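One structure is given below, encoded as structure tokens.
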Amino acid sequence: MTLRALLRLALMALWLALCVAIHLPVRAFGPSPWPRRLLRGIGWIAGARVTSIGPKPAERTLIVANHVSWLDIPMLAGATDCAFVAKDGLRGHPIMHWLCEQNGTVFVDRDRRGSVGDQIAQMEAAIRSHKPLCLFPEGTVSDGTCLLPFRSSLLKIAEDPAHPLTVQPVAIDYHGDAPEFGWPAGETGQANFLRLLGRKGKVAVTLKFLDPLAPGQDRKALAAQPHHEIASS
């Protein structure tokens, strides 16, 4: 571990302790802004300098974004106060699981087709809260060199005309630095995390909030259109 990574880890730990200490009493009186502030600070400490362009998501919005790095999560949460749909593998990490819960994370198992109905029910419950909900339909982070195909199964949540739901694509643009921040084959999650923390300097990232999609489309279209628009942005 480099000295720079160690210093950033120490700053993150101090920021986490401060945010949790304030969040715990604040949440007793209503929605707490501190999970968002925690995540925005984590991204800043890691060196991300974020610019947002385009219309920000409103309530009852499902954000559909490309997924380059773990940094996408603090950056998007800091910009929108969104919750996330995440793999249920995080349940094996008690501290990370608790922190994700504080931000309203919906845990899913993408490989169990029979569980899609339950997962959509969980997403519907989450999206009725005050937060937008973010889905990474690639299903994983990429190596930063290409946009992977979008899975459409969980986009079924937006097909129901009786419960209108806005789907808004967001393109996360690392301006040519995406391969450095992606997750190459063979690299462990811990190694990727520490490598990025040890990186010199800062990285400029633009969150491009694209126009919401027209309602009434099926899940295949709701996967294909954002994929095209994000790839073209």
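The values are calculated or read from the model by the stated rules, or taken from the named source; none is laboratory data. None of the values given here were measured: they were computed from a predicted structure. With ideal geometry, Cβ positions are generated from the backbone for all residues, glycine too; neighbour counts draw on all protein chains shown. Heads up: the accessible areas ignore ligands, DNA and RNA and are worked out on the full protein's heavy atoms, side chains in. Shrake-Rupley method; radii C 1.70, N 1.55, O 1.52, S 1.80 Å.
A few remarks follow.
- Rolling a 1.4 Å probe over the protein heavy atoms leaves Arg60 with an accessible area of roughly 80 Å².
- Solvent-accessible ranking of Ile73, Ile42, Ile157, largest area first, probe 1.4 Å: Ile73, Ile42, Ile157
- The chain: most fluctuating residue of Gly89, Gly139, Gly104 per GNM, C-alpha cutoff 10 Å: Gly89
- When all protein chains stay in place and ligands, DNA and RNA are ignored, the 1.4 Å accessible-area order of Asp109, Asp211, largest first, is Asp211, Asp109.
- What you get for the range 172-233, charging only the Cβ of Lys and Arg (+1) and of Asp and Glu (-1), is a dipole of about 220 debye around the Cα centre.
- Amide H contacts under 5 Å for Ser52, placed H, 5+ residues apart: Leu207
- Positive-end residue, the range 64-221 charge dipole about Cα centroid, Cβ charges, pick of Asn192, Pro137, Ile157: Asn192
- Charge tally for Met1 (other residues, Cβ to Cβ under 12 Å; Lys, Arg +1; Asp, Glu -1): +3.
- For the range 211-216, Karplus couplings with θ = phi - 60° (6.51, -1.76, 1.60), whole Hz, Gly/Pro x: 5, x, 7, 5, x, x
- Candidates Ser152, Ser142, Ser69, ranked by Gaussian network fluctuation over the chain, Cα under 10 Å, top entry: Ser152
- Model label points for Ser153 and Met96, set 7 angstrom from Cα along the Cα-to-Cβ axis, are 2.1 nm apart.
- Helix-only CD estimate at 222 nm, as mean residue ellipticity for the chain, using -39500 (n - 2.57) per DSSP H run (n ≥ 4): -12500 deg cm²/dmol
- DSSP bridge orientation in the chain - percent antiparallel, rounded to nearest 5: 15 percent
- Accessible area of Asp81 (1.4 Å probe, protein heavy atoms only, ligands and nucleic acids ignored): about 30 Å².
- Given R0 = 22 Å, the distance between the Cβ atoms of Leu9 and Thr188 translates into a calculated FRET efficiency of 0.85.
- Top of Ala28, Ala171, Ala125 by mean-square fluctuation, Gaussian network on the chain, Cα under 10 Å: Ala28
- Evaluated over the chain, the count of Lys pairs having alpha-carbon atoms less than 18 Å apart is 4 (only pairs 8 or more residues apart or interchain).
- Dipole of the range 119-233 computed with +1 at Lys/Arg Cβ and -1 at Asp/Glu Cβ about the Cα centre; of Ala204, His228, Gln119, farthest Cα towards the positive end is Ala204.
- Taking a point 7 Å out from the Cα of Lys87 in the direction of its Cβ, the residues of the range 138-167 whose backbone N falls within less than 11 Å of it are 139-142.
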